[in-house]
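The block underneath contains the structure these notes are about, expressed in structure tokens.
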There are 2 protein chains.
Amino acid sequence: MIAMDACCSPLAREPLSEEQSVELAKLFKAMADPVRLRLLSLIASHAGGEACVCDLTDAFDLTGPTISHHLKVLRESGLITGERRGTWVYYRVHPEVLARLSAVLVPGDAAAAEVVSA
Amino acid sequence: MIAMDACCSPLAREPLSEEQSVELAKLFKAMADPVRLRLLSLIASHAGGEACVCDLTDAFDLTGPTISHHLKVLRESGLITGERRGTWVYYRVHPEVLARLSAVLVPGDAAAAEVVSA
């Protein structure tokens with residue numbers, strides 16, 4: 001998983017290092033799929049900030065194993081965590097990972113404004 | 001290219017539609033590669049907000065055609081534009097595309113704060 005504390009200035013402010021770009025590319029790869037993006041948004045926007053598979057399957061015309069596979073990719077990337085409680089695994093996003101990705105993509109003008117205000 | 005005007009609320013605020021997720025996944029796929037991420041950051045952070053291939057090749061131990069291929073993927077995704085002037089093609093990022101991606105990834109707390117302040 002990416003060392004998010006160390007990563008990264010907005011890419012419009014300074015070039016990413018090779019190491020940073022390798023770590024970030026893994027996260028973007030995990031998000032480079034429509035089903036995984038919808039799963040991520042369903043989990044992140046669900047009441048209480050968490051969702052179980054039982055909350056997620058109705059949104060898709062996909063089998064349980066396929067959804068589980070996509071959830072596994074999201075977990076392995078570090079974008080979400082899963083915690084078993086009773087029958088179900090409950091998923092949450094890692095808000096700090098989303099926040100860092102969001103910050104990396106802030107475009108030039110906003111990145112410059114951030115420097116000025118710092 | 002994605003209809004960025006219509007897309008998207010922060011994914012922590014409401015689930016993405018199927019159509020939105022398909023369009024966003026294309027952009028994340030274009031960024032799901034370390035070389036393309038570094039190219040994007042080199043272009044976005046370059047003096048004047050633009051860079052030609054002549055500014056980019058030294059950062060990589062890659063052939064010209066390989067770099068051109070990655071630039072083509074970035075162009076076709078809509079993340080960058082290229083404009084020929086004289087000998088070189090000059091590349092710029094689309095700041096509004098980066099801004100929208102950044103806004104989609106804003107995590108739960110920040111998304112909620114945005115609603116409150118709106």
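The values are calculated or read from the model by the stated rules, or taken from the named source; none is laboratory data. The model shown is predicted, which means the values in this text are computed figures rather than measured ones. Every residue, glycine among them, receives a Cβ derived from its backbone with ideal geometry; neighbour counts consider all protein chains shown. Just so you know, the surface numbers come from the protein's heavy atoms only, side chains and all, with ligands and any DNA or RNA stripped out. Shrake-Rupley method; radii C 1.70, N 1.55, O 1.52, S 1.80 Å.
Taking K and R as +1 and D and E as -1, what net charge do the other residues with C-beta under 13 Å from the C-beta of B:PRO34 add up to? Cβ neighbours under 13 Å give a net charge of -1. Kirkwood radius for region B:34-93, taken over all pairs of different Cα atoms as the inverse mean of 1/r, rounds to 11.3 Å. Quick one: helix B:18-31 against the long Cα principal axis of chain B, what's the angle to the nearest 10°, folded into 0 to 90? Once rounded, the angle reads 30 degrees. Accessible area per residue for region A:34-93 is 49 Å², calculated with a 1.4 Å probe on protein heavy atoms, without ligands, DNA or RNA. Between beta-carbons, use under 13 Å as the cut-off and find the net charge around A:ALA59, counting Lys and Arg +1, Asp and Glu -1. Spelling it out: positives minus negatives among the neighbours equals -3.
What part of the accessible area of chain B, given as a whole %, is carbon or sulfur when the probe is 1.4 angstrom?
Numbers: 2980 of 5780 Å².
Here carbon and sulfur together make up 52 percent of the probe-accessible area.
Rounded to the nearest 10 degrees, the inclination of helix A:34-45 to the longest alpha-carbon principal axis of chain A is 90 degrees. For chain B, the mean residue ellipticity at 222 nm estimated from helices alone is -16500 deg cm²/dmol, where every DSSP H run of n ≥ 4 contributes -39500 (n - 2.57) and the total is divided by all residues, rounded to the nearest 500.
When the convex hull of the Cα atoms of region B:3-59 is projected onto a plane and the area is averaged over all directions, what value comes out in nm²?
Computing the convex hull of the Cα atoms and averaging its projections yields 5.3 nm².
Modelled label positions at A:GLU96 and A:GLU14, each set 7 Å beyond Cα in the direction of Cβ, lie 2.1 nm from each other.
If you average 1/r over all unlike Cα pairs in chain B and invert the result, what Kirkwood radius do you get in angstrom?
Numbers: mean 1/r = 0.0645 Å⁻¹.
Across chain B, the inverse of the average 1/r is 15.5 Å.
Between helix B:108-117 and chain B there is an angle of about 70 degrees, using the helix long axis and the longest principal axis of the Cα atoms. Find the all-direction average of the projected area of the Cα convex hull for the protein assembly as shown, expressing the result in square nanometres with one decimal place. Projected over every direction and averaged, the Cα hull of the protein assembly as shown covers 14.0 nm².
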